[in-house]
Ligand SMILES: [Ca+2]
Ligand SMILES: [Ca+2]
């Protein structure tokens, strides 16, 4: 009888756990980092020199050494990943500021579908003449550039 009872439990446990509702608040998005305590922080807060997880595991030196970035991201020396759009925008996003390195920004090339700001920032073409200055010096909203565009 006892064996049967044990068998019964053994068979129902996986059945019950399969039907426990999944709590989405416990999971993190693809672009988020999960802290050991269960909280989620934005992916680009990892290895940024600031402890964002309660146990500061987002700044673990060993983890940061091997931390890889997504495509279209720049990897700072510390392992922090920042979007490429943050490069050469005259704001330091890497803890050591290498996203604003003069050497890199001066020689930086943009793709065909991008506009190159004088600082070396690459912005999407559709940000041109949209009434928002996206280049640090606003040349994407330059009257000469946009005045001509209005004729078409
Ligand atoms: Ca920057
Ligand atoms: Ca713009």
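See the values below:
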{"item": "For residue 52: the one exception among (1) surrounded by fewer than 16 Cβ atoms within 10 Å (Cβ to Cβ); (2) at pLDDT 95 or above", "result": "(1)"}
{"item": "Filter result for the condition that a residue is in a strand (DSSP E or B), in contact with a helix residue (DSSP H, G or I) (Cβ under 9 Å, 6 or more places away or on another chain) and in the same structural domain as residue 47 (by the TED database), over 115, 74, 70", "result": "74"}
{"item": "Residues of segment 69-104 that turn out to be more than 16 Å from ligand 2 (Cβ to nearest atom), over 11 Å from the mean Cα position of the chain (by Cα) and surrounded by fewer than 17 Cβ atoms within 10 Å (Cβ to Cβ), as a count", "result": "10"}
{"item": "Qualifying residue in segment 117-128 (condition: at positive phi, out of contact with any strand residue (DSSP E or B) (no Cβ under 7 Å at 6 or more places or on another chain) and within 16 Å of ligand 1 (Cβ to nearest atom))", "result": "yes"}
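The values are calculated or read from the model by the stated rules, or taken from the named source; none is laboratory data. What you see is a predicted model; the values in this text were computed from it and never measured. For neighbour counting, all protein chains shown are included, and Cβ atoms are generated from backbone atoms with ideal geometry for every residue, glycine included.
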